[in-house]
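What follows is one structure encoded as structure tokens, with my remarks underneath.
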Amino acid sequence: MSVQSAAADVDVDLRQLFASLARNWLRILLFVLVVTGLAFAFASFATKHYKAQTQVEIAPRESVYTRPAGSNNDGDKPILDEQGVATQVQIISSNEILKQVAQKLGLARLREFDETINMSALSRVLILLGLKNDPMDVPADERVLKKMREKLNVFGVEKTRIIAIEFSSEDPKLAAAIPDAIAAAYIAGQGAAKSESNTAAADFLAPEIADLSKQVRDAEAKVAAYRAQSDLLMGGNNATLATQQLAELSTELSRVRANRAAAEGTADNVRKALQNGGSLDSLPEVLSSDLIQRLRERQAELRATIADLSTTMLDNHPRVRAAKSQLADLDAQIRSEAQKIMKGLVMQADAAKARESQLVSDVNQLKAASAQAGEQQVDLDALQRDAAAKRQQLELYLTNYREAASRQDRNYAPVDARVASPASVPSEPYFPKVGPIVGAAAAASLLLAAIFTLLRELFSGRAMRPAPGARFAPIDEVAMPATARQQPDALEPSALLEPAVASTFADRGPETQWPEAVTEPEMVMQPRPVAEPEPAAKVEPVAEAESVAEAEPVVEAQRPRSVLGEIDIEKAAERLIASGAARAIFVSPEGDEAAASAILVAREVSDAGLRVLLLDLTASGAASRPMLDSGLFPGITDLLASQAQFSDVIHADLYSDCHVIPVGTADPVRAMRAADRLPIIMQSLTTAYDLVVVECGPADAQGISRLGGEATEVFLSMLEPDDEVTRAAVKLIESGYPDLTLVTPLGHEPPGTPGRRSAA
């Protein structure tokens with residue numbers, strides 16, 4: 001089954017369709033007037049309802065002077081997010097508050113809220129017949145609450161902390177009194193809830209404070225007893241005595257060790273100087289001795305004396321020898337004194353060492369005592385923390401209890417809500433609004449009447465007209481005249497149409513000028529000459545072909561021999577599939593209507609499961625417009641002008657799986673400059689698709705020469721076998737296409753569809 005175009009056999013005549021509104025204006029006007037009158041009567045006699053609104057602000061009302069001690073601003077604020085406001089809305093519309101308001105205002109005595117009061121006879125009859133539920137089966141409170149909920153609307157104002165309470169009633173005063181009463185009941189309920197919370201807090205804190213006081217006394221007593229038992233006396237810096245003594249002994253031990261090391265070092269230096277006979281003047285301990293200093297002074301005096309005597313006496317002089325002897329004695333005394341100093345330093349080092357040993361022993365003892373004191377201190381700290389925590393909790397409870405008791409005694413419970421805008425008595429009813437109701441009824445009735453009139457006109461068929469080109473006129477069959485062959489070896493033009501029949505459209509009018517098509521290799525668009533109509537009975541294409549053959553005997557003798565027959569769309573598709581053709585070139589000498597053959601064949605082959613692309617090379621886009629419903633898509637001219645790529649110019653057929661490349665929107669003159677790229681484009685398309693169908697319009701053999709290649713089939717699309725088709729076929733055969741096939745779209749229609757639908 002081939003996929004056809006979306007063109008219908010009939011179209012809607014919009015002029016005739018909308019003219020029906022003018023023909024039925026009186027009926028429409030009467031309907032509008034009746035509906036408008038009924039709406040006006042309903043709006044005039046309907047019970048009037050009034051609506052009032054009270055606004056409640058949700059905000060903290062606690063004063064900075066009465067705020068509980070230790071609380072901050074953030075912790076004292078109520079929840080004001082979306083969920084918090086929604087919670088307050090539910091509280092305001094709760095049954096408890098509504099019952100309080102109903103009892104306070106006596107709503108159960110009003111017929112507006114209790115339909116059992118002054119019940120009409122009709123209602124009683126309906127109840128007896130079982131057609132209406134008996135309201136007496138429902139408790140009175142529930143009946144009143146149900147009516148109140150129907151008239152009540154509580155909502156939070158968007159992006160604010162305000163809750164609006166709306167109520168509608170037949171009585172304007174009652175419409176304002178009820179939302180005010182609901183707001184007052186809500187605020188009173190919030191205050192009672194806070195007072196109850198303060199009372200509950202005070203009742204809870206009193207016994208807790210008594211228990212905590214006893215626990216604090218016990219905990220502090222445990223701390224004192226444990227401290228005395230463990231002998232954990234505290235010294236300076238909040239440390240135990242053992243720890244403090246250990247620190248002091250450690251300091252003393254470090255100092256003693258330093259002194260011992262210094263004494264041992266100095267003694268070693270003096271010993272080395274004495275043993276090596278070195279100078280003792282470099283040792284600080286020797287220089288610091290007064291006796292050695294006096295001996296050194298005496299040495300200096302003797303050396304000065306010896307020097308003076310040496311100037312006048314010889315070395316063997318008794319006085320010189322006596323002075324040198326004294327000098328030697330002084331050196332011996334100095335060394336003896338240095339040895340004494342060394343022995344003193346050694347004794348000092350030994351004493352420091354002994355002191356160090358004693359201190360080490362004391363430190364070790366204090367370490368053990370300090371470790372034990374540390375373990376006991378841990379237990380003591382735990383007892384102290386427990387006592388401190390209980391005392392802190394006791395102080396907090398005492399503070400809270402005093403605040404709760406003071407608020408309870410003074411009956412102070414600030415509510416986090418206030419009436420921001422009380423309701424005012426409405427002066428005008430919100431329902432019914434006579435003007436809007438009547439206007440809406442008039443507009444709706446006018447619209448409904450117009451739609452009903454249009455639909456009735458459309459379904460009656462009076463607004464339908466035949467679609468242009470939806471059906472071809474019936475074809476009269478005319479027997480072909482017999483022809484004589486003057487040259488048996490030459491191919492006669494009459495043989496091109498055997499066994500085709502000559503036919504013409506019935507009542508065919510003068511043809512208009514055909515659109516331009518590709519005729520030259522450079523694809524320059526040339527207009528077709530206007531053909532004059534001829535009577536159907538006088539159409540003799542075979543005779544004209546004979547005359548052409550007689551006028552050109554040389555050309556006739558050189559033509560390749562071919563037998564040409566006419567096939568339909570299905571056979572053309574079967575031929576392409578069976579032959580495995582890669583290209584199918586369609587020439588339509590009769591113009592755009594004949595281009596339907598290329599469309600139908602492409603769709604037929606696509607329905608068989610092959611990948612098919614249709615390339616539209618007509619000037620008017622006759623082959624691509626029915627497949628895309630528009631001629632504004634980029635196509636082959638855009639591709640030739642390098643303004644688009646393959647992916648931009650290949651589009652899907654709206655009614656089949658076939659693809660199509662339209663004519664395009666680029667400048668044809670610029671596109672024709674790149675006409676040499678057509679063979680390359682055709683080769684690329686042939687590689688990507690199983691079959692490429694090219695519609696060339698009324699082109700000649702030279703115009704389609706660039707499009708051919710291996711496995712190419714050439715078709716001549718024909719609507720009626722007239723002389724124009726005959727001449728085009730002869731020219732194509734003479735130009736090297738002897739296997740030309742005539743194909744016609746006539747008679748091709750989907751199964752089950754009456755008549756033939758145009759593909760174009």
Can you list residues whose amide H is under 5 Å from HIS49's amide H, if they're 5+ apart or on another chain and H is modeled 1.01 Å from N? TYR430, PHE431
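Using the heavy atoms of the protein chains alone and a 1.4 angstrom probe, what is the accessible area of the stretch 145-219 per residue in square angstrom? Write out the running numbers ahead of the final one.
Values: 3770 Å² over 75 residues.
Each residue of the stretch 145-219 exposes 50 Å² on average to a 1.4 Å probe.
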Built amide H within the under 5 Å cut-off of ILE567, gap 5+: LEU742, VAL743, THR744
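State the percent of C-alpha pairs, over all pairs in the stretch 585-705, separated by a distance greater than 21 angstrom. The partial results should precede the final answer.
Details: 2249 of 7260 pairs.
Looking at the stretch 585-705, the distances longer than 21 Å represent 31 percent of pairs.
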Carbon and sulfur %, accessible surface of the stretch 578-646 computed with the full protein complex present, 1.4 Å: 52 percent
Solvent-accessible area per residue for the stretch 623-748 at a 1.4 Å probe radius, Å²? 39 Å²
Euclidean distance of C-alpha centroids, the stretch 102-135 and the stretch 670-712, integer Å: 88 Å
Heavy-atom accessible area per residue of the stretch 371-440, all protein chains kept, 1.4 Å probe, expressed in Å², is 64 Å²
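Between ASN95 and ASP137, what is the FRET efficiency for a Förster distance of 25 Å, r being their Cβ-Cβ separation, to the nearest 0.05?
0.80
Of LYS99/LYS159; LYS99/LYS147; LYS214/LYS390; LYS48/LYS147; LYS48/LYS173, which ones are farther than 19 Å apart at the Cα?
Values: LYS99/LYS159 30 Å; LYS99/LYS147 12 Å; LYS214/LYS390 10 Å; LYS48/LYS147 16 Å; LYS48/LYS173 13 Å.
Flagged as over cut-off: LYS99/LYS159.
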So what's the net charge close to ASP381: Lys and Arg +1, Asp and Glu -1, counting the other residues with Cβ under 12 Å from its Cβ? -1
Taking protein heavy atoms only, a 1.4 Å probe, and rounding to whole percent, the accessible area of the stretch 135-270 owed to carbon and sulfur comes out at 52 percent
Ignoring ligands and nucleic acids, what accessible area does HIS317 show with a 1.4 Å probe (Å², nearest 10)? 60 Å²
Around LEU327 (Cβ within 12 Å, Cβ-to-Cβ, excluding LEU327; K/R +1, D/E -1) the net charge comes to +2
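For the stretch 125-216, what relative contact order do you get, as a whole percent, if you take Cα pairs closer than 8 Å and at least 6 residues apart? Please list the in-between numbers first.
Details: 35 pairs, mean separation 10.7, N = 92.
Over the stretch 125-216, the number comes to 12 percent.
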Which cross-chain or sequence-distant (5 or more) residues have an amide H under 5 Å from the amide H of SER424, H modelled 1.01 Å from N in plane? GLN53
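The values are calculated or read from the model by the stated rules, or taken from the named source; none is laboratory data. This one's a predicted model, so the numbers in the text were calculated from it and none came from an experiment. Note that we place each Cβ from the backbone using ideal geometry, even for glycine, and neighbour counts take in every protein chain shown. Ligands, DNA and RNA are stripped out before the accessible areas are found, and what is left, the full protein with its side chains, is counted by its heavy atoms. Shrake-Rupley method; radii C 1.70, N 1.55, O 1.52, S 1.80 Å.
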